[in-house]
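Written below as structure tokens is the structure these notes are about.
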Amino acid sequence: MSKFGTLVMGPAGAGKSTFCTALIQHLQNNKRPCYYVNLDPAAEDFSFAPDIDIKDLISLSDVMEEMGLGPNGGLIYCFEFLLENLDFLTEPLDLVTEEYLIVFDMPGQIELYTHVPILPKLVQVLMGGSLNIRMCAAYLLESTFIIDRPKFFAGTLSAMSAMMMLEMPHINILSKMDLVKGQIPRRDLKRFIDPDAGLIDDDEARHVEEEKPGTSRNSDPAAVENVMGGSSFHQLNKAVANLIDDFSMVSFLQLDVQSEDSVGAVLSYIDDAIQYHEAQEPREPVEDEADARMED
């Protein structure tokens, strides 16, 4: 018997916990059971109490205080400790039935998804063995990144890196779409939904900077102003955009957590990726509903 889950991840501030809250509320509104797992050892406030909370095992604040580590090092230590104590996670998950959607709320440090092999090991445990959870990663990127095109492609590159590291079904989401509503034409927005490398060359902000009267740049390509905003910076961003375009792996769904339809649409993609509906057994109608149909 398979279980079903989604791994909600992305950089800090992308709206992961807000999306988890909206998703859980949507599931409850549709009378669909949900199992909430918080794997962020720094998280404090929850709209819904987690069924499993990593802070009951280890917290980031304790690690930073006792080990003298910074936030990133402390987070990596927390996950290494979790991997050494997997019973904390696997034993309660083993009791979850196939009707539930297991929602994993992940921390925002992208090193876990792009640089170190900790999360791939955890995913292997969750998707294999006795748990056999059909998982889909949901990678959130804040939609306001589209205002700053180099930042958008940097975020898109992190999403693609996570896809390649985790090797699991994956959807990418532009969150907080309500914040950019009306700021960008719909025709231009399509070029961000399916990232177009030409956006870098068409960046009006770059052209305005180049055309400012009375500005001159150091001819040294290694100079700070050139590395962070000149031709070198542009060539780097263009190379990143072309790399993403060459792989053609990343496209985005749009999410506005204030809209029930938007949350439902994202959930439908998650369900398709994990084949949730195909695995559900037909259920006998409730007696009252059956009687009502016969009376009609």
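With every protein chain present, what is the per residue accessible area of the stretch 146-191 (1.4 Å probe, Å²)?
About 52 Å² of surface per residue is accessible.
Cross-link partners among lysines for Lys151, C-alpha distance below 27 Å, same-chain residues fewer than 8 apart left out?
Within the straight-line limit of under 27 Å, Lys151 reaches these lysines: Lys16, Lys176, Lys181, Lys190, Lys212, Lys238.
From the phi of every residue in the stretch 66-81, what ³J(HN,Hα) in whole Hz does the Karplus formula 6.51 cos²θ - 1.76 cosθ + 1.60 yield, where θ is phi - 60° and glycine or proline is x?
7, 9, x, 9, x, x, 5, x, x, 5, 4, 4, 4, 6, 5, 5
Skipping prolines and chain starts, which residues have an amide H placed within reach, meaning under 5 Å, of the one on Ile102, given they are 5 or more residues away or on another chain?
Phe4, Gly5, Thr6, Tyr35
Phe153: net charge of surrounding residues, Cβ under 11 Å, Lys/Arg +1, Asp/Glu -1, itself excluded?
-1
The values are calculated or read from the model by the stated rules, or taken from the named source; none is laboratory data. From a predicted model like this one, the values you see are computed outputs, not experimental measurements. All Cβ positions, even for glycine, are placed from backbone atoms using ideal geometry, and neighbour counts span all protein chains on display. These accessible areas exclude ligands, DNA and RNA; they are computed on the full protein's heavy atoms, side chains included. Shrake-Rupley method; radii C 1.70, N 1.55, O 1.52, S 1.80 Å.
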